[in-house]
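The next block holds one structure in the form of structure tokens; read it before the comments.
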Amino acid sequence: MTKVPKTNFITFSKSNNFLLLLMLLFSASNVNAELSSFPGAEGFGAVSIGGRGGKVIKVTNLNSNGPGSLQAACETKGPRIVIFEVGGVIRGDVAIKHSHITIAGQTAPGPGITIEGRLLSRPEPWRRLNDIIVRFIRIRPPPTTGHAGDAVQMPDTERVILDHVSMSWANDEMIDICHSSEFTIQWCTIEESDTEGHGKGFAHNFGIISAYPNSGNISIHHNLFAHHSRRSPSLSPYVPGKPGDFRNNVIYNFHEGLTHDGHTPLAPINFISNYYKRGPSSDRIFPFEFHKKGKYYLEGNFIDGFGEFNNPWDRRLKFPPWIQASRHGKKLDRPADMAPVTTYMAQEAYRKVLAGAGCFPRDRVTTRTIREVMEGTGKWGRNAPPNPSDEWFLEGLVGGKVLKDSDGDGIPDAWEDARGLNKRDPNDYNRIMPSGYTAIEEYINDRAEILIGSRKGEKL
């Protein structure tokens, strides 16, 4: 990692004169260009700076709106890093209305944060949101009747990364990132889409959709897709030269994996070392449904019970219940250029994803989903009571306490003491540390590493 010069120990302070502020902003822009969103961020969205260099906003209650709420933080203008002094269930949708935000769910004490609603991007008219980082939250929307809803809806965005997010129960797609670019979805659990309530009157329990103009440079890696009938994923990069990359994912209990559903991919797509496993809800699986104008590179993909599978164009293959839905498109001999992603063999990725994906601490839904994948059980559709209580959501999760923060800058006193910061200086949270990250970023990154621990290791 690039080291920053000795002049990096400057803080954002109201007392700095205008010239000093300009120097700092110039220095920060250089650092931003060299740093990933956080250690471990990979793929096209790892260029997102989120709320780097901005204010710290504390979420102090679980209200759906109003002062101290997550929604209030998402409505605030300007760069901001959102931390939590409370853990539990937030009931209602959360809408991000302005760019440059980091939502650090890993800072929530005890059980972490569950949103019983959707996570949405809702910019002002004719604007695109950019630079969004979301980590370590759970998104579990309630049942709906007569209209479609996605768990994460972030169309028309750029430079976004979702990391260690657990989501379930949407009745349209689980994730909609149409018209979006420079986007990473990594180490997430995308679980159990709902088969009921869609406005068209039929089951629409689908995974991810990425299509339409402006879409491209999409990275989807090290995620678990479990209990979706289709669109795992629907990936149609539209901008020539901005490909899609789908690697080291685990896809379980599905009918169709890749689909395009009429959307033409104008840039190539990589499918590398993914693990496909049939489940009880479909006796036949279609890992790839190609478009006649698409270009695809396949390497190292593995079907449980069959073996490696990278050439669905080979008409000699006879292997029901794993069958080709389409031999359309062009087979590429080399992968499309893409942002770096650590890649394992498919069987290794299977173990690592089951051990390390999703929001930690894992709640009862993700814990059950992981068990179902391992045992080959489960089914399509919502597996939860109609109106789950907070106690239901948080069963098995333990409480926690807020650490002392004398200056209110979002960094606990003990952490500041250990790193030579001043726990009575409310402005040193934006000091640039030797790592290149600001102090508040380094603190929230440490919190993430503590949550993950050794969970990406060999043992489940």
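A compact table of results
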| read-out | value |
| --- | --- |
| Residue among Phe271, Phe254, Phe246 that alone is more than 22 Å from Asn205 (Cα to Cα) and aromatic (Phe, Trp, Tyr) | Phe271 |
| Qualifying residue in segment 375-382 (condition: free of Cβ contacts under 8 Å to residues at least 60 places away in the same chain, in a helix (DSSP H, G or I) and not β-branched (Val, Ile, Thr)) | yes |
| Residue satisfying condition, being farther than 21 Å from Lys293 by Cα and surrounded by fewer than 24 Cβ atoms within 10 Å (Cβ to Cβ), within set Thr184, Thr195, Thr157 | Thr195 |
| Residue, surrounded by the fewest Cβ atoms within 10 Å (Cβ to Cβ), within segment 251-272, restricted to residues that are in a strand (DSSP E or B) and of a type in the set (Phe, Trp, Tyr) | Phe271 |
| Filter result for the condition that a residue is among the β-branched types (Val, Ile, Thr) and at pLDDT 95 or above, over Ile251, Ile303, Ile285 | Ile251 |
| Single unsatisfied condition, Tyr443 versus (1) outside any helix (DSSP H, G or I); (2) farther than 30 Å from Val250 by Cα | (1) |
| Condition broken by Glu173, with the remaining ones in (1) surrounded by fewer than 24 Cβ atoms within 10 Å (Cβ to Cβ); (2) more than 14 Å from the chain's Cα centre (by Cα) satisfied | (1) |
| Criterion violated by Val373 - all others in (1) of a type in the set (A, V, I, L, M, F, W, C); (2) modelled with pLDDT of 95 or more; (3) within 30 Å of Asn249 (Cα to Cα); (4) in contact with a Ser or Thr (Cβ under 8 Å, 6 or more places away or on another chain) satisfied | (4) |
| Strands (runs of 3 or more DSSP E) wholly inside segment 63-124 that include at least 2 residues being at pLDDT below 95, of a type in the set (D, E, K, R) and surrounded by fewer than 23 Cβ atoms within 10 Å (Cβ to Cβ) | none |
| Test: residue in segment 54-71 that is charged (D, E, K, R) and free of Cβ contacts under 8 Å to residues at least 40 places away in the same chain | yes |
| Residues of segment 369-378 that turn out to be touching a Gly at 6+ places or on another chain (Cβ under 8 Å) and not β-branched (Val, Ile, Thr), as a count | 3 |
| Filtered residue count, segment 389-413, keeping only those that are touching a residue at least 40 places away in the same chain (Cβ under 8 Å) and surrounded by 14 or more Cβ atoms within 10 Å (Cβ to Cβ) | 8 |
| Residue list for segment 223-250, restricted to those being over 26 Å from Gly358 (Cβ atoms), surrounded by fewer than 24 Cβ atoms within 10 Å (Cβ to Cβ) and not charged (D, E, K, R) | Tyr238, Val239, Pro240, Gly241 |
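The values are calculated or read from the model by the stated rules, or taken from the named source; none is laboratory data. Computed from a predicted structure; not experimentally measured. Cβ coordinates were reconstructed from backbone atoms using ideal geometry, including for glycine residues, and neighbour counts include every protein chain displayed.
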